[in-house]
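Chemist: Quick one: this structure, given as structure tokens, is what I'll be asking you about.
The values are calculated or read from the model by the stated rules, or taken from the named source; none is laboratory data. The shown structure was predicted, so the numbers you read here are calculated from the model rather than taken from an experiment. Don't worry about glycine lacking a Cβ; one is built from the backbone with ideal geometry, like all the others, and counts go over all protein chains shown.
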Amino acid sequence: MMNKARSILKEYFGYDDFRKGQDEIIQLLLNKENVVGIMPTGGGKSICYQIPAMLFPGLTVVISPLISLMKDQVDALTEVGIPATFINSTLHNEEVQERVYNIKNGHYKLLYIAPERLEADYFMDILKEVTISFIAVDEAHCISQWGHDFRPSYAKIGHMINKLSEMPLVAALTATATPKVHEDICQLLNIPWENTVKTGFARDNLSFSIIKGQDKGKFLESFLKKNREESGIIYASTRQEVEKLYDRLLKKGYSVSKYHGGMSDLQRETEQQAFIKDDVSIMIATNAFGMGIDKSNIRYVIHYQLPKNMEGYYQEAGRAGRDGLPSKCILLYSAQDIRIQRFLIDQTIHDADKQKQDIDKLQSIINFCHTEDCLQEYILHYFGEEHTEKCGQCSNCTDERNVIDVTVDTQKVLSCMIRMGERFGKTMIAQVLTGSKNKKLMDFHLDRIKTYGLMKEQSAKEISDFIEFLISEQYIDVSSGAMPILKVSKKGKEVLLGRLTVERKEQVVTVKVSENNALFEYLRGIRKQLAEAENVPPFVVFSDQTLRNISMTM
Ligand code: ADP
Ligand code: MG
Ligand code: ZN
């Protein structure tokens, strides 16, 4: 049978070899075993059910969340000579009747439907009349409340297929591998846990970067200037932001499309096609864009704002480089973006569990932005992979700044938190440490505590960043309530007890130098000594350590 599978791969799809995991999934199905396949976006999940569909005698029903993509998938199959069809709400009644007639006559190998259709009695009656080889549940993470695209009708799939005369085989496919989602998929679709085929999530051709503390607009423009010819996606969090970026780049003469939920179906379809067919090179979109999109030559994915969680982020970023060529995934981080995501989460106040979970997930991606470890490894660990290696190409792996000891600063922050009774969030702690005169702080008499002004040589923003770093490295725990409260973690306590040291990359700060200020004089002094130009630039980039040295010399 596997030989047959291989010849279909060659004959219909034109590929010589299976990719990692594909043959295993196909083999399990051919052995009549339910299977869950977890492969990254672009890993080639479709073939895992399309080839067995050709090998089994009956009909394979593919459950897919997006109506808009069914036609493309069916067209692609039909083109290579695989009889396939879809039934969804875009069809007229006569078309549905015709397709149903053909289904009953065994005309098709694959039928694509949305999960909601299984809830219609008439449709279940049709399915009961035909021989079903197996049910393929694509984007199976939609089944779980822990997934990022939960669809209630997905959760009912297991129950509905139980009603069929003969319990069919099930193949579930997804790119989301968090343990909770995985568990739900197995349980709700009756798949034995050991029938899991999980390929590595590492995508070696992707280089991840987090860009912090830069003007996003300027970064974007200089990036696009250098990559004018390339195809790429820019994700923004809101429709307004998409429109704004679109207008701006259009004015600058870039070839752009846009995509968001506020546009009509027709508009979206047109813009999407233009991008897929390479008529335009840049797609600016909200996260509504991209699920199931098969465009192989996307050279970069830029997140203009913080995505709401790691699952969404990796799925979106993973759309780059499906052809295996080097591609960039760039996240432009600014702490202010956290507020947008928090605001969106706060709208779901009626569902406290969901809210708590969303806040935890948001924290994971904030940590991602602040970690100094390999970004690829962070992603892999998040998705449950244990044995990983540094990628050597992400913005952290290639960061050559010096590592400095920040144990004392860490102790200052942690002891301040303890003195404040571990009842406050990041902003208040940072303000106490800088010695802010903020009214709220005075109202709580926080200026009386011993650590008030203990780090006054730093700005509140620098301390906030440092606190985010300590959170990402788990020296500090964050509660997931509506107002996140910081607590010293177990690991943090070890630092306070002097049993653990903390290291961090040297921070770079930009300082505005105005004339007649001590710093200006100091710099001029250095310039003179070096017998260089007289002019001192208005902005100078210093490392933390240099600044400390300067202030000591002064
Ligand atoms: P996924 O659903 O996992 O995101 P797709 O099934 O859409 O991925 O496949 C992604 C791309 O990989 C498609 O262009 C597909 O044709 C290609 N592909 C799939 N299997 C193979 C293979 N064995 N060899 C080469 N390319 C493949
Ligand atoms: Mg897919
Ligand atoms: Zn790395």
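Chemist: In the range 150-173, which residues are exposed (fewer than 13 other Cβ atoms within 10 Å of the Cβ) and in a helix (DSSP H, G or I)?
Modeler: Passing the criteria: Pro152, His159, Asn162.
Chemist: Turning to a different aspect of this structure: Give the residues of the range 313-330 that are basic (Lys, Arg) and more than 20 Å from Tyr259 (Cβ to Cβ), sorted by residue number.
Modeler: Lys328
Chemist: Can you tell me which residue among Leu29, Leu66, Leu9 is more than 10 Å from ligand 1 (Cβ to nearest atom), touching a Phe, Trp or Tyr at 6+ places or on another chain (Cβ under 7 Å) and within 29 Å of Pro192 (Cα to Cα)?
Modeler: So the residue among Leu29, Leu66, Leu9 that is more than 10 Å from ligand 1 (Cβ to nearest atom), touching a Phe, Trp or Tyr at 6+ places or on another chain (Cβ under 7 Å) and within 29 Å of Pro192 (Cα to Cα) is Leu29.
Chemist: Determine, yes or no, whether Phe383 is touching a residue at least 24 places away in the same chain (Cβ under 8 Å) and within 16 Å of ligand 1 (Cβ to nearest atom).
Modeler: Spelling it out, Phe383 is indeed touching a residue at least 24 places away in the same chain (Cβ under 8 Å) and within 16 Å of ligand 1 (Cβ to nearest atom).
Yes/no matrix, rows are residues, columns are (1) closer than 25 Å to Lys198 by Cα; (2) aromatic (Phe, Trp, Tyr); (3) in contact (Cβ under 8 Å) with a residue 40 or more places away in the chain:
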{"site": "Pro115", "(1), (2), (3)": "yes, no, yes"}
{"site": "Met124", "(1), (2), (3)": "no, no, yes"}
{"site": "Glu139", "(1), (2), (3)": "yes, no, yes"}
{"site": "Arg151", "(1), (2), (3)": "yes, no, yes"}
{"site": "Asn162", "(1), (2), (3)": "no, no, no"}
{"site": "Val170", "(1), (2), (3)": "yes, no, yes"}
{"site": "Lys180", "(1), (2), (3)": "yes, no, no"}
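Chemist: Is there a residue being part of a strand (DSSP E or B) and not aromatic (Phe, Trp, Tyr) anywhere in the range 405-425?
Modeler: Yes, some residue in the range 405-425 is part of a strand (DSSP E or B) and not aromatic (Phe, Trp, Tyr).
Chemist: Scan the helices (runs of 4 or more DSSP H) fully inside the range 29-125 and keep the ones with 2 or more residues being in contact with a strand residue (DSSP E or B) (Cβ under 8 Å, 6 or more places away or on another chain) and either closer than 12 Å to Ala136 by Cα or among the aromatic types (Phe, Trp, Tyr) (or both).
Modeler: 46-55
Chemist: Now a separate question. If you go through the range 440-447 one residue at a time, do you hit one that is in a loop (DSSP other than H, G, I, E, B), of a type in the set (Asp, Glu) and touching a residue at least 12 places away in the same chain (Cβ under 8 Å)?
Modeler: Taking every residue of the range 440-447 in turn, none turns out to be in a loop (DSSP other than H, G, I, E, B), of a type in the set (Asp, Glu) and touching a residue at least 12 places away in the same chain (Cβ under 8 Å).
Residue-by-condition table, conditions (1) part of a strand (DSSP E or B); (2) surrounded by fewer than 20 Cβ atoms within 10 Å (Cβ to Cβ):
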position: His182; (1), (2): no, no
position: Glu194; (1), (2): no, yes
position: Val197; (1), (2): yes, no
position: Ala202; (1), (2): no, yes
position: Ser207; (1), (2): yes, no
position: Gly217; (1), (2): no, yes
position: Leu224; (1), (2): no, no
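Chemist: Would you please list the contacts, defined by Cβ atoms under 7 Å and residues six or more apart or on different chains, that run from a residue in the range 39-53 that is at pLDDT below 95 and more than 6 Å from ligand 1 (Cβ to nearest atom) to a residue that is in a loop (DSSP other than H, G, I, E, B) and of a type in the set (Gly, Ala, Ser)?
Modeler: Going by the 7 Å Cβ cut-off, the qualifying pairs are Pro40/Ala175; Pro40/Gly318.
Chemist: Now for a different question. Conditions: (1) touching a residue at least 40 places away in the same chain (Cβ under 8 Å); (2) in contact with an Asp or Glu (Cβ under 8 Å, 6 or more places away or on another chain); (3) within 10 Å of ligand 3 (Cβ to nearest atom). Gln393 meets all but one. Number of the miss?
Modeler: Exception for Gln393: condition (2).
Chemist: How many of the residues in the range 448-498 are out of contact with any helix residue (DSSP H, G or I) (no Cβ under 9 Å at 6 or more places or on another chain) and over 20 Å from Arg423 (Cβ atoms)?
Modeler: 3
Chemist: Would it be correct to say that Asp75 is touching a residue at least 60 places away in the same chain (Cβ under 8 Å) and either surrounded by fewer than 14 Cβ atoms within 10 Å (Cβ to Cβ) or of a type outside the set (Gly, Ala, Ser) (or both)?
Modeler: Judged against the criteria, Asp75 is not a match.
Chemist: Give all pairs with beta carbons closer than 9 Å in which a residue from the range 219-242 that is more than 20 Å from Gly312 (Cα to Cα) meets a residue that is β-branched (Val, Ile, Thr) and part of a loop (DSSP other than H, G, I, E, B); count only pairs at least 6 apart in sequence or on separate chains.
Modeler: From the range 219-242, the pairs are Ser231/Val280.
Here is a yes/no grid of residues against (1) under 21 Å from the mean Cα position of the chain (by Cα); (2) away from ligand 2 (no atom under 16 Å from the Cβ); (3) within 30 Å of Leu250 (Cα to Cα):
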{"residue": "Met124", "(1), (2), (3)": "no, yes, no"}
{"residue": "Ala155", "(1), (2), (3)": "no, yes, no"}
{"residue": "Pro168", "(1), (2), (3)": "no, yes, no"}
{"residue": "Lys198", "(1), (2), (3)": "yes, no, no"}
{"residue": "Ser209", "(1), (2), (3)": "yes, yes, yes"}
{"residue": "Asp215", "(1), (2), (3)": "no, yes, yes"}
{"residue": "Arg239", "(1), (2), (3)": "yes, yes, yes"}
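Chemist: Shifting gears a bit: If Thr199 meets every condition in (1) within 30 Å of Val61 (Cα to Cα); (2) polar (S, T, N, Q); (3) touching a strand residue (DSSP E or B) at 6+ places or on another chain (Cβ under 6 Å) apart from one, which number is that one?
Modeler: For Thr199, the exception is condition (3).
Chemist: Scan (1) away from ligand 3 (no atom under 16 Å from the Cβ); (2) closer than 21 Å to Lys505 by Cα; (3) out of contact with any Lys or Arg (no Cβ under 6 Å at 6 or more places or on another chain) for the single condition Val406 breaks and write down its number.
Modeler: Checking Val406 against (1) away from ligand 3 (no atom under 16 Å from the Cβ); (2) closer than 21 Å to Lys505 by Cα; (3) out of contact with any Lys or Arg (no Cβ under 6 Å at 6 or more places or on another chain), the one that fails is (3).
Chemist: Among the residues of the range 364-388 satisfying the criterion of being among the aliphatic types (A, V, I, L, M) and within 13 Å of Tyr314 (Cα to Cα), which is surrounded by the fewest Cβ atoms within 10 Å (Cβ to Cβ)?
Modeler: Leu380
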